[in-house]
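Have a look at the structure below, then the notes.
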Amino acid sequence: WFRNMEGTMEYQGHRVERYRIWHPRDHIAVRYAKRCANGEVGVGGVLHIREMLGGDPRYAIDTLSEIHRLDEGGFEHRPTWHGMTIGRMVYRFEHAREGAIEGTRYRNSLTIGIEGALGRLINPLIRRFVFDTARAKAWIKHNIEEVGQFENFLPELYATEREKALRMAV
């Protein structure tokens, strides 16, 4: 998913932007502003993310975020604000089994702030003016909603993409 968020897909009989399906109200757009030297999406690439948490203009996000990890075990990107890395978004994926049900455990965390001495000066300003408690609560709600949306589209998208890949391999 995280290598293929751009573009459109068929969903419930309509052609729609993939990123918008992931959160139809909050997501505005995403693009890979920078790709790896081979043209693929991966570590060193940069996402341009535009969204509005809770559909609220006060919680608009328009940021570049460098990809630091992208593999079967996880995805990590680090958003910037005025050219400074101000956070870390970490996703972890692991095989999970509960009784007869098998799947993937998905864990996500967001750390906001700048590390080191500069952080001690700037982080209180970030918490007050950039990512206050209300915005943090809006992000938590947004994250719960978007993760819950995966089950509505990801299995079908995976099956469609797998079928395309198999046809191309033949």
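The values are calculated or read from the model by the stated rules, or taken from the named source; none is laboratory data. Everything quoted here is computed from the prediction, not taken from an experiment. Here Cβ is always computed from backbone atoms with ideal geometry, including for glycine, and neighbour counts include all displayed protein chains. Each accessible area value is taken on the protein alone, full model and side chains, heavy atoms only, with ligands, DNA and RNA left out. Shrake-Rupley method; radii C 1.70, N 1.55, O 1.52, S 1.80 Å.
Here's the picture: charge each Lys and Arg Cβ at +1 and each Asp and Glu Cβ at -1 in region 120-170, and of 126, 142, 155 the one pushed furthest to the positive end of that dipole is 126. For the chain, the longest principal axis of the C-alpha atoms and the axis of helix 116-125 are separated by about 90°.
Once the Cα atoms are used to define both axes, helix 133-169 deviates from the longest principal axis of the chain by about 30 degrees.
When the chain is treated as a GNM with alpha-carbon contacts under 10 Å, the residue of 19, 11, 32 showing the greatest mean-square fluctuation is 11. Loop-located trypsin sites (Lys or Arg not before Pro) in region 15-51 (DSSP state not H, G, I, E or B) with no more than 15 neighbouring Cβ atoms inside 10 Å: 25, 35.
When +1 charges are put on Lys and Arg Cβ atoms and -1 charges on Asp and Glu Cβ atoms, the dipole computed for the chain relative to its Cα centre reaches about 500 debye.
Two numbers describe the Cα atoms of region 1-148: Rg and Dmax, which are 16.3, 53 Å.
Taking the accessible area of region 107-170, probe 1.4 Å, and keeping the other protein chains in place, the carbon and sulfur fraction comes to 59%.
For region 79-121, relative contact order (Cα pairs under 8 Å, six or more residues apart, normalised by length) works out to 35 percent. Once the dipole of the chain is set up with Lys and Arg at +1 and Asp and Glu at -1 on Cβ about the Cα centre, which of 59, 73, 117 lies farthest towards its positive end? It is 117.
Expressed as a whole percent, the accessible area of region 1-61 that falls on carbon and sulfur atoms is 50 (1.4 Å probe). For region 129-170, dividing the convex hull volume of the Cα atoms by the residue count gives 66 Å³ per residue.
Among the GluC sites (Glu not before Pro) in region 2-73, which ones are in a DSSP loop with at most 12 other Cβ atoms within 10 Å of the Cβ? Mind listing them? Those satisfying the criteria are 40, 72.
Note that the chain presents 63 Å² accessible area per residue, ligands and nucleic acids not counted, probe 1.4 Å.
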